[in-house]
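The values are calculated or read from the model by the stated rules, or taken from the named source; none is laboratory data. Every value quoted in this text rests on a predicted model; they were computed, and no experiment measured them. Reconstructed Cβ throughout: ideal geometry from the backbone, glycine too, with neighbour counts over all protein chains shown. We work out accessible area using only protein heavy atoms, side chains counted, and drop any ligands, DNA or RNA first. Shrake-Rupley method; radii C 1.70, N 1.55, O 1.52, S 1.80 Å.
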Amino acid sequence: MSTSASQITPVAVPRHVAIIMDGNNRWAKQRHLPGLAGHKAGVSSVRQTIEGCVELGVEVLTLFAFSSENWKRPENEVRGLMDLFMLSLDREVKKLHRHGIRLRIVGDRSRFSERLQARMAEAEALTAGNQRLLLNIAANYGGRWDIVQAARYMAEACVEGRLSVDQMDEACFDRYTALAGVPEPDLCIRTGGEQRISNFLIWQMAYTELFFCDCYWPDFGKAELHQAIESYACRQRRFGKTSDQIEA
């Protein structure tokens, strides 16, 4: 039986949950529907997950919505995803704002249409002051892209004299990444039965706990979120230390 939000102790709740939302196409295929129907159905799961995170007291939720590799998908599916992204921004952002949720889009926006880029900026500006939950949407994002961009920004800072080689360390590098200033993910959930991270937050997830869920993303809801967090709560996070050190 799933544990309710009130039964999960605050110390066991991850500050930052990251999710690879996988299985939309396979969900649709099982039902003899076009692939885009699965993506549309997945919007409801996004809503439920956001609500569940707010109820549990999660501080940051990062959703992998569109990877830099997803451009390789059929042209009509990509076009439909862009339309769905625009529609979701139009319909959902005001709701997020009313509930005190801040929205950020992380990734390379240059390949999106100017209209979509403008809508992203408007959504971020509207919700910028909200503090109940930080919702990061990773769109045209790749972990390797993130690392290369950070290295480029760091090199530019050195050339311009704003940074010296002696100042370079992991903490310095992190300040140039897409999620700079955000706690590293404590828990990463992947739906759809696959067991890999697929170029998602590979710098940030060095010590992230992984949870793989067999259900497809449109079937993921609060019960599945609670199950993942219950699993997380039972794990001992040692960060290189021994169990005796942690228990002491």
Next item on the list: Go through the residues of the stretch 49-65 one by one and say whether even a single one is out of contact with any strand residue (DSSP E or B) (no Cβ under 6 Å at 6 or more places or on another chain) and exposed (fewer than 14 other Cβ atoms within 10 Å of the Cβ).
Entry: no
Next item on the list: Pull up the stretch 20-38, narrow it to residues that are more than 22 Å from the chain's Cα centre (by Cα) and of a type in the set (D, E, K, R), then point me to the one that is least open to solvent (accessible area, probe 1.4 Å).
Entry: ARG31
Check: Can you name the condition, by its number, that ARG15 falls short on among (1) open to solvent by less than 60 Å² (accessible area, probe 1.4 Å); (2) under 27 Å from GLU209 (Cα atoms)?
Finding: (1)
Notebook entry, point to check: What pairs come up if the first residue lies in the stretch 32-57 and is under 19 Å from VAL78 (Cα atoms), the second is basic (Lys, Arg) and modelled with pLDDT under 95, and their beta carbons are under 9 Å apart, counting only those six or more places apart or on different chains?
Noted result: GLY35/ARG73; VAL43/ARG91
Item checked: Test: residue in the stretch 59-69 that is modelled with pLDDT under 95 and either over 24 Å from TRP145 (Cα atoms) or charged (D, E, K, R) (or both) -> yes
Notebook entry, point to check: Of all residues in the stretch 187-243 being open to solvent by less than 60 Å² (accessible area, probe 1.4 Å), touching a Cys at 6+ places or on another chain (Cβ under 9 Å) and assigned to a strand (DSSP E or B), which is nearest to GLU51 (Cα to Cα)?
Noted result: ILE189
Margin query: List the residue pairs whose Cβ atoms are under 8 Å apart, where the first residue sits in the stretch 220-241 and is over 22 Å from GLY193 (Cβ atoms), the second is open to solvent by 80 Å² or more (accessible area, probe 1.4 Å), and the two are 6 or more positions apart or on different chains.
Written below: ARG237/TYR207; ARG238/GLN245; PHE239/TYR207
Next item on the list: Go through (1) over 20 Å from ARG152 (Cβ atoms); (2) out of contact with any helix residue (DSSP H, G or I) (no Cβ under 6 Å at 6 or more places or on another chain) and name the single condition LEU179 misses.
Entry: (1)
Notebook entry, point to check: Checking ASP146 against (1) of a type in the set (Asp, Glu); (2) surrounded by fewer than 16 Cβ atoms within 10 Å (Cβ to Cβ); (3) not in a loop (DSSP other than H, G, I, E, B), which test does it fail?
Noted result: (2)
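This table checks each residue for (1) open to solvent by less than 10 Å² (accessible area, probe 1.4 Å); (2) over 29 Å from THR208 (Cα atoms).
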site: GLN117; (1), (2): no, yes
site: GLU122; (1), (2): no, yes
site: LEU126; (1), (2): no, yes
site: GLY129; (1), (2): no, no
site: ASN136; (1), (2): yes, no
site: TYR141; (1), (2): yes, no
site: ALA157; (1), (2): yes, yes
site: ALA178; (1), (2): no, no
site: GLY181; (1), (2): no, no
Check: Only one of these conditions is not met by LEU179: (1) under 16 Å from the mean Cα position of the chain (by Cα); (2) under 25 Å from GLY23 (Cα atoms). Which number is it?
Finding: (2)
Item checked: Those residues of the stretch 66-87 which are buried (at least 18 other Cβ atoms within 10 Å of the Cβ) and without any contact (Cβ under 8 Å) to a residue 60 or more places away in the chain, in sequence order -> GLY80, LEU81, PHE85
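Would you check if there is a residue in the stretch 105-113 being open to solvent by less than 70 Å² (accessible area, probe 1.4 Å), among the acidic types (Asp, Glu) and within 22 Å of PHE220 (Cα to Cα)?
Here is the first cut: in the stretch 105-113, the residues open to solvent by less than 70 Å² (accessible area, probe 1.4 Å) are 105-109, 112-113.
From what is left, the residues that are among the acidic types (Asp, Glu) are 108.
Then drop every residue that is not within 22 Å of PHE220 (Cα to Cα), which leaves none.
There is no residue in the stretch 105-113 that is open to solvent by less than 70 Å² (accessible area, probe 1.4 Å), among the acidic types (Asp, Glu) and within 22 Å of PHE220 (Cα to Cα).
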